[in-house]
Structures are given as structure tokens and as C-alpha cells.
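Visitor: Just passing along the structure, written as C-alpha cells.
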Amino acid sequence: MPTALESKIAYIDLSKKKVNVKTTPREWVKRLLGGRGISALILYGLLKPEVDPLSPENVLVVSIGLTAGIPLPSARVNIGAKSPLTGALGSSNCGGHFAPEMRRAGFDHLVIVGKAEEPTYLWISDGNIEFRKAAQLWGLDTVEAQEAIKDEVGDHSAQSLVIGPAGENLVRYANVRTGVKSSAGRTGMGAVMGSKNLKAVTVRGSRDIEFAYPDKVLDLCIRFNENLRKTRFFTVMQVYGTMHIFSYTNTAGIVRVKNSQSNQLFPSDNIEAEAVRPYSVGHEGCYGCPIQCRHRYIVESSRYGLIYDEGPEYTSQGCWGSMMAINSTECMLVCNHLVNRLGLDTLETGSMIAWAIEIFEKGLIDEKTTDGMILRWGSPETVYELIEKIAYRKGFGAILAEGPKRAVEKLGSATAYYNMNVKGMSWLQTEDRAIPSFVLGVCVSTRGADHLRSRPAIDLFGLPKEFLEKLYGAPMTSDYTSYEGKERMVWGNELEYAVIDSLGLCKFACSHFITPHSIYTDTFNSYQELSELVYYVTGLEITGEQLKTCGERIYTLERMFNLREGFTRKDDYPPQRYFDEPLPSGLPIVRGKRMDRRKYEKLLDAYYTLHGWDSNGVPKAETLRKLGLTEEEVKALVGEVFE
Amino acid sequence: MSEGESLGKMVVVDPSSCTGCQLCVAACSLKHEAQVNPLYSRIRAVRFEGKGAYIPVTCQQCKDAPCQSVCPVKAIERHEKTGALIVNQEKCIGCKACIIVCPFGAISWTADGKIVKCDLCDGDPLCVKLCTREALAYVPATTAHLKTQVKAAEKFSEILKKISGV
């Protein structure tokens, strides 16, 4: 029997110290695949609206993708809960080596409720789940905690999801981490763990992972490996990782600088990908990945002494470089290290600090609010200090630790205009107001401002119209500053990414996330190919067309979660600044651009129509029927496991 | 590949290039045991992630092989084409003495009760084929030291540069 079809769900009550194990219903797999999809169903089904995300009533779901364990980049684990940052859906996934280990330990999904009486970690090995004391781990940073757990369980191959001091201190954007670098960063899942007194979830297993057609899975793995190596994308990612994107985006003028006041930073030589190479001591690979995009690096004499870490990614490059107007390799590497160890989402932390510096610069706050600190651009010391203050909620840090919505309430409505967020989650480190497809994707994302739900990076390449038409099934322009047809690009990518996330695959291994090069690899670029993969792994015949419907179902279910919490069309807009201020810098095609509200409204309408949602972004009754998401159907599905 | 070419070749590991991705491990297990379980993989990439070290370990196909010497029923035989030490499953009595004496821990016991070890995939090792960092290479044993030698030379050249100021 393929392991993915006899997977187990553990319902873990931390308050009562009780565990109940059930088999994952076949219908769940057929309709929602795994990981992000199944997580959305559990959250929608189990959570009552208006629950305080930091209360014991919140539900934390750890769910691995359907294909976990194959010799391909298949190791994404999804962490879901109601987000303490936004009040909307919380959902974040990361790679590393946790997911296949959890499958070998006997579980595909963990549903964690209640609150432990004292600091606790879960030790899950070969079908057993044990509640263990974690007082000795409380206060340790994310890597120290993992090493201490390995020593304690006496097995250095055990894999853990952990929180750092930021999660313990309920920073609303604390992340969940595994390994030195992998972070389920967005939406504050670490704070939910912290609120439950849960320091870590540790897994270790010796069970076999079986497939319906093992020889076909192996063939696919070999073919993928061979094809991938022929692409330039592969070579670039192997050497530089995602940092390679920066030189292009900074040149074009699509990076955030000084919060959101400019869109290019010069000079930027010290934060370019090449600048990290002297510090690099090799690379690190997630489970089953032939790309291995992460640097391992050492900074020998930083103000924190010798530091060893992994990364940074494009996001951290922007947060700790261009966004703060700091052209320093060491600052970027040290900040990356700090947020990793403390367990903070790099993006939310960077964006909150950039906002603080701008409102200080504008005179909306002063030293009385900042504990005497003078906040200014280009100052590594300012940034280091604020990161630590946030993680430990010290002084001014306690305000920033609350995230955009609550911090704006505390510092006054005049500061709201400068806080770049959607649904209460910060905009990424990119400056997107010249690119309508990117803006739409970020604004309608089901977890607040976020690119990983849809980003059609392919839009930037100016590819031939015929090519794009073939890819998206309708005519659209090759001009990335145009609005024409972009609803289809975003919608198409949303469905595809929902499927990829739920299968547990890495976006870098699939499709056209970053580059059209990967399209020529002839692997995982169509629903048909993903359908074959699902068949080989599970034996389930889910056609390409049905997979696409799974994507629509997952996306709509996530939308329904947010609608129930009061998020509607009004929450699908970029910050006012995107409509008001033209970009001051960049290539001629970018310079002077700002968003056009009238065109954006039309784009939003067209986008809702593609999903089968009404003009308020509410799924129509016929859409719910088509997707099997009517109230009764969802109730019945969830009721199969949870009475 | 001709017989002459494959004879005397070995899988040589380069820990400094390994990224710990487990691709070789998962694929090896899948190919030989039709399931993924690192316990059955003939190769292991041991991860010391907190220290940033990843060390591949596999059968060295020893010349005077302890596994072969210790086997009471002479079930471990030298493959005449590849030089790999192969377990003859018909002869093997499952005493597991080979597991105990192997200095590399390169021999293992599967849940369905069988001794398994690297067979060099009949001269085309899958692990080497899939490794994108060249942390594994399948080369004649007589040249196995060359990569390390060049790396050492590079280090010396850097030191020389510092001394001579060039």
C-alpha cells in the first residue's frame, strides 16, 4: 500500500495531554491532496470564527505534502493556524528534512489544540507521541534548541520544528524553523506555538515510504535530474541561490528602498550575490533536491563573534540591504543570522523596522517613543538593536512586535500611510507598483501581502505573446506594466501553486516560478505531469483537469476562511501609497509609474470572475457546488475525522 | 562501458562538496528496495547540520575486505567486471558478522531479513549520476586522490601568495 494512502492524522490536545489517531480519509486526499490543502480544510472545519489566535482555542496544523519522501524536492511541510498577525488564515511552509522524517515516523498530519501547562515539546517516533518537558529548552535559540533535543533523544537524525525566543515572547510574526535555515516564516505560526507553550515538534522514524509504482517514481527522478541540469536556471541557483535576482531587480528599479520611498539603491555592490561568495563555505540542500540553493557561510569576526549560518535569500538581501539603505555584506549576513536564531520572520521584521525609521524621519515619532534611539537609514547598529528589541519585546520593540495593524493603532493614524501592508501583513521587499500582475497577486493572496501564492515572475521576461497564450490559455500582453489579461496570469498561478504546495513540492523545481528556462525541462510544467507524479506515488487517478480543480478548491476554501473572519474586497487593495506616489527612479519603463485605481478595480473584477466569485470576492453558490464546498459538504468531509 | 574501463573503479566521496541533500540516499533505496528508507540505502550522507558538515559514507570495496574474510559461508563475492563485493543471497545465512566488522558501517540488514550493500550498480552507480555537486565520483582507484591533491595545491598556492605578496 502506498504510504501516502494510509497516512495518519494525530489529534493532539496539549491541555489534556491526550492523543487520538485517525486515518486520513481518501476523499481528503482526492479533493485537497495534502499539506496546504488539507491544512485549510482542517482549519476551516475546526475553528470557530472570531477565536483569539493566541488562545488555547486556536488550532495548529502541521501537514506534509502528498509526495513527501520521493527523491525530488518534495520536503515542504505546511504549518497552519489562524494568524495572530492578521486574524486571517495563517499558513506557511518550509523545506529542510522534516517532512520525510515525519512520514517515516508514521504521521502525515498533526492537529494540535489546547495549551500545555508548562513548556513542552512533542517527541514523535515510529507511531508514538510523547509529551516532554521543555523548560530546559525555553530561551534557547532555534539552532541550539534543535541540537539540545537531538542530544536528549539520543538521535542526531531526529528532525524538529522549533520556535526561538521570538515565538516564546509571542512576537506576532515569529516563525517556525527546522535545520539551520528552513523557516515557515509568514503569518506568525511561531507565536501560535509559543501561546501553546510548545517549544518544538520532533520526529524520527524508521518506517518505509512506499509508492504505487516505485520504478516510475525513480525514472521521473532521474529524468528530472538530467533535464534540470541542462538549464541555466540550475547553474545560477546552484552558485548564487535566489540572491541572483537582485542585480536585475535593483537595476530595473523594482526593489523597496528606505521603506517605500525609492526603488533603487546605489552603490549596491556589497549586497549583490557575488559579495557573499567570500563568506560562503559551501551549500546546503533540502531533502531530495538536486539544486541546493542555499549558501552556508561564516562571518569570522562580527560584533557577535564568529557566526555560522545559511542563506541569505533574496528577501533578506532586500530587507537588510536595500530596504534599510545599507550597502554592507556583513550587516546583511549578521541580520540574517539574528532573525534565524531568534525565530523572526525576516520580511515582517525588516518591513516593520523600515516603517519605524521612516516615521521617525518624518517626525511622527521621536526618541521618547524609541527609548532614546535615533532611527536612521544606513545604520547597521540601529537595525541590530531593533531586531533584538523586537524578539525580546523590549521597550519600543514591544510595539513593533505587534505587527502592522496593532503598531499603527499605538503610534497614531498618521503613521498608517507609511506602513506597507495588506490584510495586516507586510509587503515584501520588492517595489511592485509598476507591475500590475504582481500587485494583484500580492493583494488577493489568501494570507496577506505575499508573493508565494501566485507571483507570475514570468511576466518580467517580455516573452512572445503566442508563448504566453499557450501557457495561460488566453491572449495577454508581454508588457509587464500593462493590466491587460493579468488576472488570468495571477489566477492561473494561484491554482498551480496551491497544487504544488499541497503536493509538498518546491516551487523552484516546478514550472515557471522564477524563469522560463525551467519550462524547457519537460518536468512538472503541466497538470498532466503532476497528475502522472500523483499516480506513480499513490496509484490514484487524478487527471490534470481534476488537479486544477483541486487548486481552485484549495484557493476558494482559503478565501472562505478569510471571508468568515470579515475580510472582503476592501482588503484586496495595495497601500494608498501605490496609487499616490510615482516611482522616483528606475528604468524608463518603470520610472514615474504608479497604480491606476480605475484599472485596478477592473482587474480585480475580472480576477473574481475567473474564480467564480461575485464582485465582493465571495464565491457564488454555483462555484461552491462545482467545487464540493457547500456548507453541508464541508461539514461532512470534516466530520469524517472530527465529530 | 568496457570491462577494462570499469575494473578497479571506485566511488570516491568528497565531503567538502556534499550538501547533505539525501538525493543519493533516497534514490539508492528506491532503486534497490523499491521504497524509500535511508536504512536500506547503500550510501549514507551523514548530516551534522549545526556544524555545517555533511559526510557521505559508502562501501569502499576493500581489497582485503573484512566482510569477505569474516563470512563463514563465503557469500560475499568479488564481481569480476566491476570489482564490487556482492552478497550472494542464496549462500548468505544472515549471521550479520559482516555488519559488525565493516569499518565504514556500509553493510545493513533490511526489515525483510536480508544483508544489503553497495553493488556499484553494475558499473553505473546511480548515486554518482544524481549528485549535482560532484561530491561523489566514480573513478579509477589509481586516480581517486587527484581531486584532493589539486585542492591541497590550491591552498598552498594561496599561502604562497600571502608569503610572497604576489
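Visitor: I'd like the FRET efficiency for A:E469 and A:R597, computed as 1/(1 + (r/R0)^6) with the beta carbon distance as r and R0 of 30 Å, rounded to 0.05.
Guide: Working from the Cβ atoms, E equals 0.60.
Visitor: Here is a follow-up. Relative contact order, percent, of the stretch A:3-204 when contacts are C-alpha pairs under 8 Å separated by at least 6 residues?
Guide: 22
Visitor: Using Cα pairs closer than 8 Å and at least 6 residues apart in sequence, work out the relative contact order for chain A, in percent.
Guide: It rounds to 16 percent for chain A.
Visitor: Around A:Y417, with a cut-off of 9 angstrom between Cβ atoms, what is the net charge of the other residues, counting Lys and Arg +1 and Asp and Glu -1?
Guide: Neighbour charge sum, excluding A:Y417 itself: 0.
Visitor: Give me B:S17, A:S83, B:S41 sorted ascending by neighbouring Cβ count inside 10 Å, so fewest comes first.
Guide: Listing B:S17, A:S83, B:S41 from fewest to most nearby Cβ atoms yields B:S17, B:S41, A:S83.
Visitor: Determine the dipole magnitude for the stretch B:3-164: charges of +1 sit on the beta-carbon of Lys and Arg, -1 on that of Asp and Glu, nothing else is charged, the reference point is the Cα centre, and the result goes in debye to the nearest 20.
Guide: Here the stretch B:3-164 has a charge dipole of around 500 debye.
Visitor: Give me the one-decimal nm value for the distance between modelled label points at B:K162 and A:I589, 7 Å along each residue's Cα-to-Cβ direction.
Guide: 4.7
Visitor: Would you calculate the separation in nanometres between label points at A:K570 and A:S280, each defined as 7 Å from the Cα along the Cα-to-beta-carbon direction?
Guide: Taking the two extended label points, one gets 4.8 nm.
Visitor: Of A:S301, A:S268, A:P404, which is farthest on the positive side of the dipole of the stretch A:238-426, counting Cα position, with +1 on Lys and Arg Cβ, -1 on Asp and Glu Cβ, and the Cα centre as origin?
Guide: A:P404
Visitor: Sorting A:W123, B:W109, A:W427 on the 10 Å Cβ count, fewest up front, what's the list?
Guide: Least to most surrounded, the residues fall as B:W109, A:W123, A:W427.
Visitor: What pairs in A:K486/A:K599; A:K570/A:K626; A:K507/B:K147; A:K16/A:K48 have C-alpha atoms more than 22 Å from each other?
Guide: A:K570/A:K626; A:K507/B:K147
Visitor: A follow-up question, please. When the helix-only estimate is applied to chain A (DSSP H runs of n ≥ 4, each -39,500 (n - 2.57), divided by the residue count), what is the mean residue ellipticity at 222 nm, nearest 500 deg cm²/dmol?
Guide: -11500 deg cm²/dmol
Visitor: Moving to a separate point now. Please list, by residue number, every one of the GluC sites (Glu not before Pro) in the stretch B:121-166 that is coil in DSSP and has at most 12 other beta-carbon atoms within 10 Å.
Guide: Counting only loop positions with at most 12 other Cβ atoms within 10 Å, the GluC sites (Glu not before Pro) in the stretch B:121-166 are B:E134.
Visitor: With charges set only on the Cβ (+1 for Lys and Arg, -1 for Asp and Glu), what does the dipole of the protein assembly as shown come to about its Cα centre, in debye to the nearest 20?
Guide: 340
Visitor: Lone cysteines in chain B, going by a 4.7 Å Cβ-Cβ cut-off?
Guide: B:C18, B:C21, B:C28, B:C62, B:C71, B:C92, B:C95, B:C102, B:C121, B:C131
Visitor: Of the listed peptides B:89-95, A:366-372, what is their order by residue-averaged count of other C-beta atoms within 10 Å, with the highest listed first?
Guide: A:366-372, B:89-95
Visitor: Once you've got the GNM for chain B with C-alpha springs shorter than 10 Å, pick whichever of B:C98, B:C28, B:C62 has the biggest mean-square fluctuation.
Guide: B:C62
Visitor: Also, quick follow-up: Please give the average number of partner chain Cβ atoms lying within 10 Å of the Cβ of each residue in B:44-57, rounded to a whole number.
Guide: What the average comes to for B:44-57 is 4.
Visitor: For the stretch A:353-474, what's the relative contact order in percent, using C-alpha pairs closer than 8 Å and at least 6 residues apart?
Guide: 15
Visitor: Tell me which of A:Y608, A:Q159, A:L338 sits at the most positive position along the dipole axis of chain A, charges placed on C-beta atoms (Lys, Arg +1; Asp, Glu -1).
Guide: Farthest towards the positive end: A:Y608.
Visitor: Starting with the fewest neighbours, write out B:V128, A:V61, B:V36, B:V57 ranked by other beta-carbon atoms found within 10 Å of each beta-carbon.
Guide: B:V57, B:V128, A:V61, B:V36
Visitor: Within 10 Å of each Cβ of A:217-229, how many other protein chain Cβ atoms are there on average?
Guide: 3
Visitor: Put +1 on the Cβ of each Lys and Arg and -1 on the Cβ of each Asp and Glu in the stretch A:1-134; which of A:V62, A:V51, A:P73 then has its Cα farthest toward the positive end of the dipole?
Guide: Among A:V62, A:V51, A:P73, the one farthest towards the positive end of the dipole of the stretch A:1-134 is A:P73.
Readers should treat all values here as calculations from the given coordinates under stated rules, not as data from a laboratory. All figures in this text were calculated on a predicted structure; none of them were measured in a lab. Cβ coordinates were reconstructed from backbone atoms using ideal geometry, including for glycine residues, and neighbour counts include every protein chain displayed.
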